[in-house]
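Here the structure is laid out as structure tokens; the discussion comes afterwards.
The values are calculated or read from the model by the stated rules, or taken from the named source; none is laboratory data. All of these numbers come straight from a predicted model, not from anything done at the bench. Cβ: placed from backbone, ideal geometry, glycine included. Neighbour counts: every protein chain shown. What goes into the accessible areas is simple: the full protein's heavy atoms, side chains included, and nothing from ligands, DNA or RNA. Shrake-Rupley method; radii C 1.70, N 1.55, O 1.52, S 1.80 Å.
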Amino acid sequence: MKDAKAIRQAAEIIQQGGVVAFPTETVYGLGADAYNPLAVARIFEVKRRPYFDPLIVHIASPAHLRKLVKDIPSSARKLTEKLWPGPLTVVLFKEEHIPDIVTAGLLTVALRMPDHPMALSLIKESKCPIAAPSANPFGYLSPTTAEHVREQLADQVDLVLDGGPCPVGVESTIVSFSENKPRLLRPGGVSLEEIESIIGKVEIGPIEDSPVAPGMLPRHYAPRTPIVLDWNEKNPDFYKDKNIGLLAFQEPKNILKFHSVEVLSKKGDMREAAANLFSAIRRLDGLNLDLIVAEPIPEIGLGRAIMDRLRRASHFLNFPPLAGGDEGEGKLL
Ligand code: TXA
Ligand code: MG
């Protein structure tokens with residue numbers, strides 16, 4: 001009852017051109033009416049996100065796909081039929097009526113039907129597709145609880161819908177159908193193995209000649225504390241006298257003296273590890289550590305998405321910070 005009222009209020013805000021944070025099964029999104037360019041512009045302002053980074057459009061039924069894209073290749077149809085609602089985003093050639101600000105001027109649009117009752121009700125009640133990136137300041141970790149959103153963006157959004165923790169915990173898998181062959185642009189909540197079992201082999205990696213998509217920048221999803229991934233091989237002296245946190249997959253092997261330890265999944269379950277990932281990093285990030293060392297995870301199934309996020313978060317040592325320093329990406333606006 002309380003939820004229904006909040007959803008109705010959120011839908012009214014969306015219809016009036018406002019911006020609402022809402023839960024999905026992957027991470028929280030920051031949504032606006034995809035047909036309202038001014039409302040969508042506010043998303044970019046709130047996130048301090050560069051305008052060259054296109055948004056995902058969220059729909060409440062696979063039938064809505066037809067109105068938004070020119071053509072649905074049979075492999076795209078197969079995937080969406082099998083995996084929607086769910087953590088899969090498809091990139092297809094867009095219809096002209098989708099505003100350019102949503103797609104950063106690209107001829108394609110990214111679409112997904114989230115598997116979350118609140119998200120689906122919100123889209124239905126708003127009576128429009130909802131353009132939404134993850135509800136975090138640009139370059140920072142995606143939020144997996146309403147609390148995360150409130151901590152970082154509360155005063156700038158019109159409403160935060162609270163649906164509890166996101167069950168999947170990493171963003172959707174993005175597959176593009178803008179070339180002859182399907183292409184995995186971002187590993188995510190549905191594994192590559194599952195996708196290939198439905199449509200056969202897919203290409204992997206960014207589309208050549210396409211504008212940079214910051215979700216694919218080497219440094220993204222970064223906490224404030226430096227993260228290192230390849231710590232086992234590093235000189236142990238380097239770690240002496242440092243305040244170190246460990247992000248362990250399972251029970252940690254006690255090699256260094258850690259100030260704090262986060263275990264992603266005691267039983268080594270990838271799903272549980274993905275669901276805990278961003279919250280665990282946030283907790284470590286809040287401890288004023290000198291360093292977070294992260295244990296590598298086998299790159300199978302969801303492990304691929306987890307390692308992708310960890311690599312992009314480990315800007316220290318592996319990647320120099322982008323121009324403008326920490327959180328400086330916002331200056332690209
Ligand atoms: O799970 C998710 O996908 C979450 C929830 C809220 O749905 N959303 C999310 O959105 O992760 P965002 O904006 O943080 O990441 C979307 C990614 C970006 O890397 C963007 O560049 C890419 O999708 N993208 C969007 N439209 C695209 C297009 N037409 N072609 C290629 N990449 C696109
Ligand atoms: Mg994001």
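Inspect region 98-112 for any residue being more than 9 Å from ligand 1 (Cβ to nearest atom) and touching a His at 6+ places or on another chain (Cβ under 7 Å) and give the result as yes or no.
Checked region 98-112: no residue is more than 9 Å from ligand 1 (Cβ to nearest atom) and touching a His at 6+ places or on another chain (Cβ under 7 Å).
Residue pairs, Cβ under 6 Å, 6 or more apart or interchain, first in region 91-108 and farther than 21 Å from residue 62 by Cβ, second within 8 Å of ligand 1 (Cβ to nearest atom). List them.
Matching pairs, first to second residue: 104/54; 106/54.
Being in contact (Cβ under 8 Å) with a residue 24 or more places away in the chain, buried (at least 22 other Cβ atoms within 10 Å of the Cβ), under 16 Å from residue 176 (Cα atoms) and not β-branched (Val, Ile, Thr) narrows it down to one residue among 55, 30; which is it?
Testing whether each residue is in contact (Cβ under 8 Å) with a residue 24 or more places away in the chain, buried (at least 22 other Cβ atoms within 10 Å of the Cβ), under 16 Å from residue 176 (Cα atoms) and not β-branched (Val, Ile, Thr) leaves just 55.
If I go through region 230-268 residue by residue, how many of them are at pLDDT 90 or above, in contact with an Asp or Glu (Cβ under 7 Å, 6 or more places away or on another chain) and either loosely packed, with under 13 Cβ neighbours inside 10 Å or over 12 Å from residue 284 (Cβ atoms) (or both)?
Number of matching residues: 3.
When the residues of region 96-107 are narrowed to those that are over 19 Å from the mean Cα position of the chain (by Cα) and assigned to a loop (DSSP other than H, G, I, E, B), which ends up nearest to residue 170 (Cα to Cα)?
106
Looking at region 86-110, which of the residues that are open to solvent by 30 Å² or more (accessible area, probe 1.4 Å) and touching an Asp or Glu at 6+ places or on another chain (Cβ under 7 Å) is nearest to ligand 2 (Cβ to nearest atom)?
Filtering region 86-110 for residues open to solvent by 30 Å² or more (accessible area, probe 1.4 Å) gives 93, 95-97, 100-101, 104-107.
Filter once more, so that each one left must be touching an Asp or Glu at 6+ places or on another chain (Cβ under 7 Å): 93, 104.
Values: 93: 23, 104: 14 Å.
So the residue we want is 104.
Filter region 41-60 down to the residues that are aliphatic (A, V, I, L, M) and within 15 Å of ligand 2 (Cβ to nearest atom) and list them by number.
Filtering region 41-60 down to residues aliphatic (A, V, I, L, M) leaves 41, 43, 46, 55-57, 59-60.
Within region 41-60, 43, 46, 55, 56, 57 meet the criteria.
Looking at this structure, is residue 122 part of a strand (DSSP E or B), away from ligand 2 (no atom under 16 Å from the Cβ) and either open to solvent by less than 20 Å² (accessible area, probe 1.4 Å) or charged (D, E, K, R) (or both)?
no
Test each condition in (1) surrounded by fewer than 24 Cβ atoms within 10 Å (Cβ to Cβ); (2) farther than 18 Å from residue 89 by Cα; (3) not polar (S, T, N, Q) for residue 149 and report the one that comes out false.
Residue 149 satisfies every listed condition except (1).
Could you list, in sequence order, the residues of region 241-274 that are within 23 Å of residue 172 (Cβ to Cβ) and in contact with a helix residue (DSSP H, G or I) (Cβ under 8 Å, 6 or more places away or on another chain)?
Scanning region 241-274 gives 247, 249, 264, 265, 270, 273, 274.
When the residues of region 161-196 are narrowed to those that are without any contact (Cβ under 8 Å) to a residue 60 or more places away in the chain and among the basic types (Lys, Arg), which ends up surrounded by the most Cβ atoms within 10 Å (Cβ to Cβ)?
Filtering region 161-196 down to residues without any contact (Cβ under 8 Å) to a residue 60 or more places away in the chain leaves 179-181, 183-184, 196.
Next cut, among the basic types (Lys, Arg) only: 181, 183.
Working: 181: 12, 183: 18.
So, considering only residues that are without any contact (Cβ under 8 Å) to a residue 60 or more places away in the chain and among the basic types (Lys, Arg), the one surrounded by the most Cβ atoms within 10 Å (Cβ to Cβ) is 183.
With the condition being small (Gly, Ala, Ser), I'd like the helices (runs of 4 or more DSSP H) fully within region 22-95 carrying at least 2 qualifying residues. I'd like the intermediate steps shown before the answer.
On the way: elements: 37-47, 65-68, 74-83.
It comes to 37-47, 74-83.
Residues being more than 13 Å from ligand 1 (Cβ to nearest atom) and aliphatic (A, V, I, L, M): count how many of those fall in region 21-56.
Looking only at that region, the number is 3.
Would you mind stating whether residue 146 is within 18 Å of residue 51 (Cα to Cα) and at pLDDT 95 or above? Walk me through it before giving the result.
Numbers: within 18 Å of residue 51 (Cα to Cα): no; at pLDDT 95 or above: yes.
The answer is no for residue 146.
Filter region 187-225 down to residues that are modelled with pLDDT of 95 or more and of a type in the set (D, E, K, R) and give me whichever is nearest to ligand 1 (Cβ to nearest atom).
203
For residue 77, state whether it is modelled with pLDDT under 95 and not aliphatic (A, V, I, L, M). Can you show your working first?
On the way: modelled with pLDDT under 95: no; not aliphatic (A, V, I, L, M): yes.
No.
Condition check: assigned to a loop (DSSP other than H, G, I, E, B), of a type in the set (S, T, N, Q) and within 16 Å of ligand 2 (Cβ to nearest atom). Does residue 144 satisfy that?
Answer is yes for this residue.
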